[in-house]
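Participant: The structure under discussion is supplied below as structure tokens; questions concerning it will follow.
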Amino acid sequence: KKMIGTQRQVTARRKDGSTFPCVLGLSETQKCGLFCGFIRDLTQEKKSELEMIKKNQELGNNQSLVLGIINASFHALFVIDEAGIIQMVNDKSCHSFGWTKEEFVGENISIIMPGRVALHHDNYLKNYFTTRIKKMIGTQREVTACRKDGSTFPCLLDLSEAKGSGLICGFIRDLTSQKAAEAAIIEKNKTLQESQNIMSGILDAAFHALFVINEHCIIQMVNAKSCEVFGWNKEEFIGKNINMIMPTHVAVHHDQYMKQYLETGLKNMIGTQREVTAQRKDGSTFPCVLGLSETQQSGLICGFIRDL
């Protein structure tokens with residue numbers, strides 16, 4: 001008895017020649033020598049199985065796609081449960097912190113925190129799930145993270161809760177390079193400021209008055225001697241037209257002289273020294289020697305005035 005008393009999946013044929021899957025169960029009647037066969041059509045069952053397999057494949061493909069996207073992220077990702085236990089990490093998490101995925105999953109998220117923060121984190125988490133008061137969830141905050149080797153680094157932490165799952169997702173962006181760049185800029189600015197202070201000190205120590213103007217004749221810089229000689233302070237000078245230190249009959253034409261120079265490039269005064277008359281804040285005038293030069297590339301004109 002290979003078939004008798006068993007059930008086996010076979011293929012049956014209809015009158016129209018079409019086939020269908022079915023389960024065949026055979027048994028032998030006692031005494032009369034007859035065989036009984038029960039056939040259960042599996043068409044609908046097989047169709048349901050195929051749909052389930054297809055759906056599982058799609059879910060698997062979608063899951064693979066999501067995991068691929070997560071692993072392609074530029075930032076570290078951690079998914080934890082209500083107890084703070086790590087459920088998922090991405091490749092960047094391993095690269096940034098030094099642990100493998102196998103070492104991460106199942107551990108408390110506090111392993112990536114400095115000791116003083118790690119000590120209290122479980123209580124913070126418990127308090128959130130008890131009260132639902134969102135102090136960190138839905139926000140971004142700059143914090144300090146800890147690597148496997150014990151070293152720490154500044155980072156930006158972005159937390160959100162996955163709806164209905166009881167899971168919290170945290171994206172961590174390493175700020176090490178950004179902070180280094182910011183520090184370099186601050187240091188550079190400090191150096192530039194120090195250099196500027198030195199240059200200002202040198203210019204202020206000059207024996208002659210100095211004026212620096214732009215192409216519109218607006219004063220950009222003066223030294224201490226300029227204030228001493230003319231009577232205005234630096235704040236009063238900066239942003240004003242240079243013609244303020246000229247007698248009226250010269251001042252009314254000065255902007256035109258500058259415009260003509262910029263249009264033609266003809267240097268009537270630039271690169272020379274000439275005796276002229278200057279005017280102080282109190283309206284008094286005095287003879288002086290004016291020496292003009294143009295700075296390279298900046299388009300600024302420097303004038304030194306020696307009181308005669």
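Participant: Return the residues of region 67-123 that are of a type in the set (Phe, Trp, Tyr) and surrounded by 14 or more Cβ atoms within 10 Å (Cβ to Cβ); say none if nothing qualifies.
Facilitator: Result: Phe78, Phe97, Trp99, Phe104.
Participant: While we're looking at this one, here's another question. How about region 249-280: which of its residues are of a type in the set (D, E, K, R) and either loosely packed, with under 14 Cβ neighbours inside 10 Å or in contact (Cβ under 8 Å) with a residue 60 or more places away in the chain (or both)?
Facilitator: Across region 249-280, the qualifying residues are Lys259, Glu263, Lys267, Arg274, Glu275, Arg280.
Participant: Among the residues of region 281-308, how many are open to solvent by 60 Å² or more (accessible area, probe 1.4 Å) and either more than 17 Å from His208 (Cβ to Cβ) or in contact with a His (Cβ under 7 Å, 6 or more places away or on another chain) (or both)?
Facilitator: 9
Participant: Going through region 12-36 one residue at a time, which ones are farther than 19 Å from Lys2 by Cβ, in a loop (DSSP other than H, G, I, E, B) and open to solvent by 50 Å² or more (accessible area, probe 1.4 Å)?
Facilitator: Within region 12-36, the first condition is being farther than 19 Å from Lys2 by Cβ, and the residues that meet it are 13-21, 30-32.
Remaining after also requiring in a loop (DSSP other than H, G, I, E, B): 14-18, 30-32.
Scanning region 12-36 gives Arg14, Lys15, Asp16, Gln30, Lys31, Cys32.
Participant: Just for region 156-192: of the residues that are without any contact (Cβ under 8 Å) to a residue 60 or more places away in the chain and open to solvent by less than 40 Å² (accessible area, probe 1.4 Å), which one is farthest from His121 (Cα to Cα)?
Facilitator: For region 156-192, the residue satisfying everything is Leu175.
Participant: Of the residues that make up region 233-241, is at least one farther than 19 Å from Gly303 by Cβ, loosely packed, with under 15 Cβ neighbours inside 10 Å and at pLDDT 85 or above?
Facilitator: Checked against the condition, which is being farther than 19 Å from Gly303 by Cβ, loosely packed, with under 15 Cβ neighbours inside 10 Å and at pLDDT 85 or above, region 233-241 yields at least one hit.
Participant: Taking only pairs six or more apart or across chains, which ones have beta-carbon atoms under 6 Å, a first residue in region 82-97 that is free of Cβ contacts under 8 Å to residues at least 60 places away in the same chain and farther than 16 Å from His121 by Cβ, and a second residue that is among the hydrophobic types (A, V, I, L, M, F, W, C) and in a strand (DSSP E or B)?
Facilitator: That search, which allows pairs on different chains as well, returns Met88/Val79; Val89/Phe78; Asn90/Leu77; Lys92/Ala76.
Participant: Among the numbered conditions (1) on the phi > 0 side of the Ramachandran plot; (2) out of contact with any Asp or Glu (no Cβ under 6 Å at 6 or more places or on another chain); (3) in contact (Cβ under 8 Å) with a residue 24 or more places away in the chain, tell me where His208 comes up short.
Facilitator: (1)
The values are calculated or read from the model by the stated rules, or taken from the named source; none is laboratory data. Given the structure is predicted, the values throughout are model-derived calculations rather than measurements. Cβ coordinates were reconstructed from backbone atoms using ideal geometry, including for glycine residues, and neighbour counts include every protein chain displayed. These accessible areas exclude ligands, DNA and RNA; they are computed on the full protein's heavy atoms, side chains included. Shrake-Rupley method; radii C 1.70, N 1.55, O 1.52, S 1.80 Å.
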